[in-house]
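Chemist: Starting off with a structure, shown below.
The values are calculated or read from the model by the stated rules, or taken from the named source; none is laboratory data. Please read these numbers as outputs of a predicted model, since none were measured by experiment. In this analysis, Cβ positions are derived from the backbone assuming ideal geometry, glycine residues included, and neighbour counts consider all displayed protein chains. The accessibility values were calculated without ligands, DNA or RNA, using every heavy atom of the protein model including side chains. Shrake-Rupley method; radii C 1.70, N 1.55, O 1.52, S 1.80 Å.
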Amino acid sequence: MADVEKRLSYIPSAATLGDAHDHESDDLKKPLDSEFVDSKYEEDSWFAWLVVLAGCIQAMITLGASRSHGVYQEYYVINEFSNSSTASISWIGSVQNTMLNLCGVFVGILSQIYDARIMCAIGSLCMGLSFILASFSTQIWQLVLTQGMLYGSAASFPYILGVTVPLQWIRKRRGLALAVVYMGSG
């Protein structure tokens with residue numbers, strides 16, 4: 001929490017902005033996160049580009065399974081739920097993609113409080129757990145809960161953090177870094 005309070009203390013107040021009528025204050029020239037770069041790592045170092053590569057792999061895994069729902073749907077229609085309508089089976093993928101994007105708001109809030117590595121690990125474990133639980137599902141509503149809601153909400157942790165964290169490590173070529181991360185999404 002101290003880190004969040006420290007970050008908020010650098011946001012200029014209305015009084016500071018009011019005093020800077022014709023000239024800019026030195027506080028306004030500083031980027032908000034300039035003092036939060038860990039001094040052990042150089043900006044734009046090889047380690048920073050490894051973080052970008054990790055973000056690419058996270059996007060590949062989370063969105064790969066999410067965007068390939070058509071393969072799952074075809075299997076469910078042909079083998080598992082041949083008596084069910086395609087529309088009812090498509091709810092699984094719809095809920096999954098909705099949860100992936102909707103939970104991103106909460107992931108952003110939680111990332112200000114908790115360490116990104118721990119959040120990615122928890123999300124990854126829950127993603128695996130969701131597919132294990134989905135393998136025991138015998139009805140469509142169970143797949144909506146496991147493969148839809150649980151996987152979608154769990155995948156938002158590594159996906160959202162995999163897109164936002166690399167940009168904190170790269171200063172000069174942020175556009176290229178973001179392109180490499182999104183390259184993993186297909």
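Chemist: State whether the residues of segment 126-145 include one that is over 16 Å from Gln73 (Cα atoms), small (Gly, Ala, Ser) and without any contact (Cβ under 8 Å) to a residue 40 or more places away in the chain.
Modeler: Within segment 126-145, one or more residues are over 16 Å from Gln73 (Cα atoms), small (Gly, Ala, Ser) and without any contact (Cβ under 8 Å) to a residue 40 or more places away in the chain.
Chemist: Residues of segment 80-111 being out of contact with any Gly (no Cβ under 8 Å at 6 or more places or on another chain) and in a loop (DSSP other than H, G, I, E, B), which ones?
Modeler: If the condition is that a residue be out of contact with any Gly (no Cβ under 8 Å at 6 or more places or on another chain) and in a loop (DSSP other than H, G, I, E, B), then Phe81, Ser82, Asn83, Ser84, Ser85 are the ones that fit.
Chemist: From the list Ser111, Ser130, pick out the single residue that is closer than 30 Å to Ser85 by Cα and not β-branched (Val, Ile, Thr).
Modeler: The unique qualifying residue is Ser130.
Chemist: Moving to a separate point now. Of Gly148, Gly152, which residue is modelled with pLDDT of 90 or more, within 13 Å of the chain's Cα centre (by Cα) and open to solvent by less than 60 Å² (accessible area, probe 1.4 Å)?
Modeler: Residue meeting the stated conditions: Gly152.
Chemist: Here is a further query. Tell me, please, whether a residue that is out of contact with any Pro (no Cβ under 8 Å at 6 or more places or on another chain), hydrophobic (A, V, I, L, M, F, W, C), part of a helix (DSSP H, G or I) and under 19 Å from Met60 (Cα atoms) can be found in segment 140-148.
Modeler: no
Chemist: When the residues of segment 171-186 are filtered to those that are surrounded by fewer than 21 Cβ atoms within 10 Å (Cβ to Cβ) and touching a helix residue (DSSP H, G or I) at 6+ places or on another chain (Cβ under 7 Å), which remaining residue is farthest from Ser82 (Cα to Cα)?
Modeler: Arg174
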